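Novice: Sharing a structure, written as structure tokens. Questions coming.
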Amino acid sequence: MTHRWAWLIGQPVAHSLSPALHNAAFAAAGLDAQYSVRETSAEELPAVIDALRAPDCLGANVTAPHKRTAVDLLDDLSDAARAIGAANTIVKRGADLLGDNTDARGLERWMRVGGVDVRGRTALVLGGGGAARASVWALAQSGASCIEVLNRTETHVHELIEVLQPRVPGAVLRAGPLHDAAAPHDDAYAVVVNATSLGHHGGAPVVHPSCYSRESVALELVYNPPLTGFMRAAQEAGAGRVENGLGMLVQQAALAFECWTSQPAPLDAYERVGREAVRR
């Protein structure tokens, strides 16, 4: 059997958990394959993506800062990648390279598997970047009727809504400044997603306790540290369920595996490596 390979393309990538996740999955599935990081500058990106056309390549993941620029270098895009304007997974389709967004589809699957029901309900997304776009798409696909998106830079949110609203006609998207989350609310949200980067740096957006009820789910997209300031505040405010981003990470990685191999992902392997990583 031919040895296969896959890359993580980005800059920086040395800190990534993806190689440990995917290599454990390849081993569990009995695949002769290796996943490695490929530190890539903006100038190198076209040549690196073109190298994925090699017959022994399974595909690739794309991370910051290339998720948006990569879409222009691919032959086709999934509905999610096209709507969000970013691709984090590259899949081989014969001679073509397809861009997908398993961040969005991973969150959608995580909610479905985890019993998070947003159908006909209102959700709140904090942030205006790529993670926020993926979250809005996933919530809309999961049936949320209204999604409020708040960010420090309001122009980013208005751009997000301008792009996504025509593609998610079943949900009403609303924009506002991040400080609106700190104001009292008449009704609690079904889900509050922290898609800002503050959790990486020990910070947290201020969310008024009235945004939560015992039926609310607070989701922090950061998975390390496993308990962030946003999560602690949500617990203290009475949110019924508080989660970090590990479950979403596992699901998006599993989706990438399935795209590359056309076989079910060994979820146990992904979950085991993920749990071990956040304990360290």
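The values are calculated or read from the model by the stated rules, or taken from the named source; none is laboratory data. Bear in mind the structure is a predicted one, so any value in this text is a computation, not a measurement. In this analysis, Cβ positions are derived from the backbone assuming ideal geometry, glycine residues included, and neighbour counts consider all displayed protein chains.
Novice: Within the bounds of the stretch 96-118, is there any residue that is modelled with pLDDT of 95 or more, over 30 Å from Arg53 (Cα atoms) and in contact with a strand residue (DSSP E or B) (Cβ under 7 Å, 6 or more places away or on another chain)?
Specialist: Yes; the residues of the stretch 96-118 include at least one that is modelled with pLDDT of 95 or more, over 30 Å from Arg53 (Cα atoms) and in contact with a strand residue (DSSP E or B) (Cβ under 7 Å, 6 or more places away or on another chain).
Novice: Being surrounded by fewer than 19 Cβ atoms within 10 Å (Cβ to Cβ) and of a type in the set (Val, Ile, Thr), is that true of even one residue in the stretch 133-151?
Specialist: no
Novice: Spot the failing condition for Asn61; the list is (1) touching a strand residue (DSSP E or B) at 6+ places or on another chain (Cβ under 6 Å); (2) closer than 28 Å to Val222 by Cα; (3) free of Cβ contacts under 8 Å to residues at least 24 places away in the same chain, and only one is missed.
Specialist: (3)
Novice: Please verify whether the stretch 40-50 includes one or more residues that are surrounded by 18 or more Cβ atoms within 10 Å (Cβ to Cβ) and within 21 Å of Ala254 (Cα to Cα).
Specialist: For the stretch 40-50, residues surrounded by 18 or more Cβ atoms within 10 Å (Cβ to Cβ) and within 21 Å of Ala254 (Cα to Cα): absent.
Novice: Being in contact (Cβ under 8 Å) with a residue 24 or more places away in the chain, crowded, with 16+ Cβ neighbours inside 10 Å and under 25 Å from Gln165 (Cβ atoms) is the filter here, so list the residues in the stretch 65-77 that pass it.
Specialist: Lys67, Arg68, Ala70, Val71, Leu74
Novice: Further question: Taking Ala80, is it assigned to a helix (DSSP H, G or I) and under 22 Å from Arg105 (Cβ atoms)?
Specialist: yes
Novice: Out of Gly170, Gly128, report the one residue that is under 20 Å from the mean Cα position of the chain (by Cα) and not assigned by TED's automatic domain parsing to the domain that holds Ser78.
Specialist: Exactly one of Gly170, Gly128 is under 20 Å from the mean Cα position of the chain (by Cα) and not assigned by TED's automatic domain parsing to the domain that holds Ser78, namely Gly128.
Novice: With respect to the numbered conditions (1) buried (at least 18 other Cβ atoms within 10 Å of the Cβ); (2) of a type outside the set (A, V, I, L, M, F, W, C); (3) within 20 Å of Arg112 (Cα to Cα), which one is the sole condition not fulfilled by Arg241?
Specialist: Arg241 satisfies every listed condition except (1).
Novice: Right, something else. Among the candidates Ala123, Ala95, Ala104, single out the residue that is of a type in the set (A, V, I, L, M, F, W, C) and within 14 Å of the chain's Cα centre (by Cα).
Specialist: Ala104
Novice: With the structure loaded, tell me whether Leu58 is in contact with a helix residue (DSSP H, G or I) (Cβ under 6 Å, 6 or more places away or on another chain) and assigned to a strand (DSSP E or B) or whether it fails that test.
Specialist: Answer is yes for this residue.
Novice: Same structure again: Does Leu160 count as surrounded by 16 or more Cβ atoms within 10 Å (Cβ to Cβ) and under 30 Å from Tyr270 (Cα atoms)? Steps first, please.
Specialist: Values: surrounded by 16 or more Cβ atoms within 10 Å (Cβ to Cβ): yes; under 30 Å from Tyr270 (Cα atoms): no.
No, not satisfied.
Novice: Identify all residues within the stretch 37-52 that are touching a strand residue (DSSP E or B) at 6+ places or on another chain (Cβ under 7 Å) and more than 16 Å from Val91 (Cα to Cα); write none if there are none.
Specialist: Once the filter is applied, which keeps residues that are touching a strand residue (DSSP E or B) at 6+ places or on another chain (Cβ under 7 Å) and more than 16 Å from Val91 (Cα to Cα), the stretch 37-52 yields Val37, Arg38, Thr40.
Novice: Pick out the one residue from Glu154, Glu148, Glu159 that is of a type in the set (Asp, Glu), modelled with pLDDT of 95 or more and in the same structural domain as Arg232 (by TED's automatic domain parsing).
Specialist: It is Glu148.
Novice: Among (1) of a type in the set (Lys, Arg); (2) touching a residue at least 40 places away in the same chain (Cβ under 8 Å); (3) in a helix (DSSP H, G or I), where does Arg53 come up short?
Specialist: (3)
Novice: Are there strands (runs of 3 or more DSSP E) fully within the stretch 162-280 with at least 2 residues that are within 21 Å of Ala83 (Cβ to Cβ) and touching a residue at least 60 places away in the same chain (Cβ under 8 Å)? List them.
Specialist: 191-194
Novice: Any idea how many residues of the stretch 1-36 are among the hydrophobic types (A, V, I, L, M, F, W, C) and not in a strand (DSSP E or B)?
Specialist: Adding up the residues that qualify gives 13.
Novice: Against the definition (farther than 22 Å from Arg174 by Cβ and in a loop (DSSP other than H, G, I, E, B)), how does Ala87 come out, yes or no?
Specialist: In short, yes.
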